[in-house]
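What follows is one structure encoded as structure tokens, with my remarks underneath.
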Amino acid sequence: MTDRERFFDADHFGRSMAVPMSRTVRDLVSDLHALLQTAHVPGPYVFAAHSFGGIFARLYASAYPKEIVGMVLVDDRAVMALGLK
């Protein structure tokens, strides 16, 4: 078994390029799921997310609960933005 790292920057974040259309957070979560499937990255996954990335990690876990076995959330903005604990 090997451990591998993958990095995902959502549209307009990090090193990602802007896209010409409006996108929701759920759209970006769907994009990440499609990316992992298309790239044949086997699960289950452990997500590490910082700041606003916590929202994506939490929504991914909510949408695909069988694919996530753990999360590391650092300075999670979802707590403040969505009132989560």
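FYI, it's all coordinate maths here, none of it is from the lab. Values in this document were obtained by computation on a predicted structure and should not be read as measured data. Note that we place each Cβ from the backbone using ideal geometry, even for glycine, and neighbour counts take in every protein chain shown.
Backbone amide hydrogens, once placed in the peptide plane, bring ALA48 within less than 5 Å of VAL72, excluding anything fewer than 5 places away on its chain.
Karplus-based coupling profile of region 67-76, in residue order and whole Hz: 9, 10, 10, x, 9, 10, 10, 10, 6, 5, with θ = phi - 60° in 6.51 cos²θ - 1.76 cosθ + 1.60 and x standing for Gly or Pro. Taking amide H positions as modeled 1.01 Å from N, with prolines and chain starts lacking one, the residues under 5 Å from ASP76 and 5 or more places away or on another chain are SER51. What are the ³J(HN,Hα) couplings of region 45-51, residue after residue, when phi is run through the Karplus curve with 6.51, -1.76, 1.60 and θ = phi - 60°? Round to Hz, x for glycine and proline. Here the 3J(HN,Hα) series is 10, 10, 9, 10, 9, 10, 6 Hz. Along the Cα-to-Cβ line of VAL74, 7 Å from the Cα, sits a label point; which residues in region 32-47 have backbone N less than 18 Å from it? It comes to 46-47, nothing else. Label positions at LYS66 and ALA48, each projected 7 Å from the Cα along the C-beta direction, are separated by 2.8 nm.
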